[in-house]
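Asker: My structure is below; once you've seen it, I'll send some questions.
Every read-out reported here was derived from the displayed coordinates using simple, explicitly stated rules and does not represent laboratory data. Computed from a predicted structure; not experimentally measured. Note: ideal-geometry Cβ built from the backbone for every residue, glycine included; neighbour counts use all protein chains shown.
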Amino acid sequence: MAENRATHVRLLRAAGTAAAARGDHDGAFRHFGALFAEDGTRLHDFLSLRSVADLAAAARWTRRQEEIAHVVETVRTPAGPRPTTRMTLLLHHADAAASRRARPSSGTGVRNPQSSY
């Protein structure tokens with residue numbers, strides 16, 4: 001079952017990416033959102049985490065940021081106080097995309113705040 005779940009997650013992510021590339025942001029939101037249960041539980045323990053920023057970006061385009069705020073927090077919790085650099089950047093990107101105040105061109109969420117430059 002785990003093998004099939006990993007394949008299913010990869011297919012959902014590919015479908016979400018393709019939808020976003022076509023400009024179908026509702027479709028992207030639907031596919032990326034399917035990687036998480038309503039309560040924020042991940043469909044796949046490892047692979048779903050990698051799509052949190054994509055989900056947040058799709059939520060921003062569809063003005064559904066409130067719907068995914070709990071997912072971002074659910075992803076943040078197991079990452080702990082010192083997540084990997086990749087996870088830190090994904091979470092910052094997700095925070096920026098899910099924020100109603102962030103401007104799409106502001107660069108917020110792309111820069112690593114722990115970096116010295």
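Asker: Dividing the alpha-carbon radius of gyration of the range 1-105 by 2.2 N^0.38 Å (N being the number of residues), what value is obtained?
Answerer: 1.00
Asker: Enter the mean projected area of the convex hull around the alpha-carbon atoms of the range 30-73, in nm², rounded to one decimal.
Answerer: Averaged projected hull area, Cα only: 2.6 nm².
Asker: Can you run phi through the Karplus equation (6.51, -1.76, 1.60; θ = phi - 60°) for the range 7-13 and list ³J(HN,Hα) in whole Hz, with x for Gly and Pro?
Answerer: So the Karplus estimates, Gly and Pro as x, are 5, 4, 5, 5, 5, 4, 5 Hz.
Asker: When the Karplus curve 6.51 cos²θ - 1.76 cosθ + 1.60 is applied with θ = phi - 60°, which whole-Hz ³J(HN,Hα) does each residue of the range 15-21 get, with x for Gly and Pro?
Answerer: Going residue by residue, I get 5, x, 5, 5, 4, 4, 5 Hz, with x marking Gly and Pro.
Asker: Could I have the simple spin-label model distance between L11 and R50, label points 7 Å from Cα toward Cβ, reported in nm to one decimal?
Answerer: Going from the L11 label point to the R50 one covers 1.8 nm.
Asker: Residue by residue through the range 58-72, which ³J(HN,Hα) values in whole Hz follow from phi under the Karplus form 6.51 cos²θ - 1.76 cosθ + 1.60 (θ = phi - 60°), with glycine and proline marked x?
Answerer: With coefficients 6.51, -1.76 and 1.60, one gets 5, 5, 5, 5, 9, 6, 10, 4, 4, 5, 10, 4, 5, 5, 4 Hz.
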